[in-house]
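In what follows, a single structure is set out as structure tokens and then discussed.
The values are calculated or read from the model by the stated rules, or taken from the named source; none is laboratory data. Everything numeric here is computed off the predicted structure, so don't read it as measured data. Positions of Cβ are generated from backbone atoms using ideal geometry, with glycine treated the same way; all protein chains shown enter the neighbour counts. Each accessible area value is taken on the protein alone, full model and side chains, heavy atoms only, with ligands, DNA and RNA left out. Shrake-Rupley method; radii C 1.70, N 1.55, O 1.52, S 1.80 Å.
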Amino acid sequence: MVRNLVVFGGSSHPDLVERICNILGIPQGGLRTSKFSNGETSVSIKDSVREKDVYVIQSGCGHVNDNFLELLITISACKTASARRVTAVMPFFPYSRQPDVPYNKHGAPLAKSSTTPRTDHNYTFESVPPSPRSHSSLGHNLTNGLSVPSQRNSYFLDRDLDRKLKLKDQMWQPEGTGEINTGYKEWVAQSGTLVADLLTCAGADHIITMDLHDPQFQGFFDIPVDNLYGRPLLQNYIVSSIPNFQEAVIVSPDAGGAKRATAIADALGMDFALIHKERRTKFTEKGPAATMMLVGDVSNRVALLIDDLVDTSNTITRAAKLLKDRGATHVCAIITHGIFSGDAIQRIQASALDEVVTTNSAPQHEHKLALGNKLVILDVSKVFAEAIRRIHNGESVSMLFDHGAGI
């Protein structure tokens, strides 16, 4: 029995909350959530949290925005009720896929091209125009009220005039509008720091999550963040459930996940392959299509696709087809967060995937009913329960990073 510890569960994943509380040996805290007729969220805390260590479990799945707002209100309510410390336990962290920097280091995106196909094939890869400017006319009077330039400067002024006239021709104006396209796209909202600020402002003192899609999110917080690893669980499954696993090949479905996949391959002494997604789009009769290229050999071998997140399943289903085309005998996708939104389940059913392994960081009951034996679910409740126990008792959680599967 753990003293002065209260665990509240949000509405996103009640099954995981119940499992964690059973492992900790404590009853779940009394929390009532409801909605008004206009959609506003209402939260009521039924148990006293004064001077207690409170943990609020809410995963970033399902109705993400409603669940996240519910988490913020619950945290604020606990702090208002004089809780000693409030920790947000988020097995899957929401908004972790959205970039925090809208433009890359090469500058602004290219100007939008005209809807009329070009016939001269003279393409440019430079930003047009090179810098933003106001909507003003480019007149021929370059002296701006000054005296007529001398002959020694006429060459430079003529060259400057030609350059400005060319830039003016390059600036296109959509029909029916009075606006000139300056070559910049709409500004992309920086959600990373905003989400971190919202959690901190609500009163969170600590964050516990697993396998952040973008590890830089930890740097957005001014409070401690424990990013637990799902890798020990995945490695344990490979060793215990894949026959002759050392003969199989670990495959990363894209270059972004190569580091994650190679870490598992190196730890288990397995071969590694990479699927490279060609960014130079090729145009076909059906429209633009990106190509995928396999770097490595999977012929007559079991291929294990490793990724941290599957949402629409476009990437892993296309990767599975490529691996089967290259001679793989069995393709298994092993992922940490199985969101499976939209028509992801239908895609997986019709794909070349033989097996999908994921954790229960998001609810999987309906997905299990649809996929049957094709879906294997790994339980993360022991990892989070042990993390809560250790943090509550002031112990180190470093052990969970390497030996989480053995708990």
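Please list, ordered by first then second residue, the pairs with beta carbon atoms under 8 Å, 6 or more apart or interchain, first in the stretch 221-246 and more than 30 Å from Leu194 (Cα to Cα), second open to solvent by 30 Å² or more (accessible area, probe 1.4 Å) and assigned to a loop (DSSP other than H, G, I, E, B).
Listed pairs, sorted by first residue: Gln246/Gly269.
Among all residue pairs at least 6 apart or on different chains, which show Cβ distances below 7 Å where the first residue, located in the stretch 33-50, is basic (Lys, Arg) and the second is surrounded by 13 or more Cβ atoms within 10 Å (Cβ to Cβ) and part of a loop (DSSP other than H, G, I, E, B)?
Every condition considered, the pairs that remain are Arg50/Ala81.
I need the full set of residues from the stretch 9-56 which are assigned to a strand (DSSP E or B), surrounded by 21 or more Cβ atoms within 10 Å (Cβ to Cβ) and touching a Cys at 6+ places or on another chain (Cβ under 9 Å), in order please.
Selection gives Gly9, Val54, Val56.
Within the stretch 347-377, restricting attention to residues that are of a type in the set (A, V, I, L, M, F, W, C) and in a helix (DSSP H, G or I), which residue is most open to solvent (accessible area, probe 1.4 Å)?
If we take residues in the stretch 347-377 being of a type in the set (A, V, I, L, M, F, W, C) and in a helix (DSSP H, G or I), then Leu369 is most open to solvent (accessible area, probe 1.4 Å).
Which ones in the stretch 187-210 are under 22 Å from Ile388 (Cβ atoms) and either open to solvent by 70 Å² or more (accessible area, probe 1.4 Å) or in a strand (DSSP E or B) (or both)?
Across the stretch 187-210, the qualifying residues are His206, Ile207, Ile208, Thr209, Met210.
Using the structure shown, decide if Thr312 is under 25 Å from Glu247 (Cβ atoms), of a type outside the set (Phe, Trp, Tyr) and modelled with pLDDT under 95.
no
Among the residues of the stretch 232-241, what is the count of those that are open to solvent by 20 Å² or more (accessible area, probe 1.4 Å) and closer than 30 Å to Thr200 by Cβ?
Summing the residues that are open to solvent by 20 Å² or more (accessible area, probe 1.4 Å) and closer than 30 Å to Thr200 by Cβ in the stretch 232-241 gives 1.
A quick yes/no check of all residues on (1) under 20 Å from Thr358 (Cα atoms); (2) open to solvent by 20 Å² or more (accessible area, probe 1.4 Å):
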| residue | (1), (2) |
| --- | --- |
| Leu212 | yes, no |
| Gln218 | no, yes |
| Ile223 | no, yes |
| Gly230 | yes, no |
| Pro243 | yes, yes |
| Glu247 | no, yes |
| Ser252 | yes, no |
| Gly269 | no, yes |
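What do you reckon, is Val397 in contact with an Asp or Glu (Cβ under 7 Å, 6 or more places away or on another chain) and at pLDDT 95 or above?
Considered against the rule, which asks whether it is in contact with an Asp or Glu (Cβ under 7 Å, 6 or more places away or on another chain) and at pLDDT 95 or above, Val397 comes out as no.
What residue, among those in the stretch 378-404 that are of a type in the set (D, E, K, R) and in a loop (DSSP other than H, G, I, E, B), is most open to solvent (accessible area, probe 1.4 Å)? Quick ask: steps written out before the conclusion?
Within the stretch 378-404, the subset of a type in the set (D, E, K, R) is 379, 382, 386, 389-390, 395, 402.
Those left that are additionally in a loop (DSSP other than H, G, I, E, B): 379, 395.
On the way: Asp379: 56, Glu395: 76 Å².
Of everything passing the filter in the stretch 378-404, Glu395 is most open to solvent (accessible area, probe 1.4 Å).
What is the one condition in (1) touching a strand residue (DSSP E or B) at 6+ places or on another chain (Cβ under 7 Å); (2) over 26 Å from Thr291 (Cβ atoms); (3) surrounded by fewer than 23 Cβ atoms within 10 Å (Cβ to Cβ); (4) among the polar types (S, T, N, Q) that Thr336 does not satisfy?
For Thr336, the failing item is (3).
Give me a count of the residues in the stretch 325-369 that are more than 22 Å from Arg260 (Cα to Cα) and among the hydrophobic types (A, V, I, L, M, F, W, C).
6
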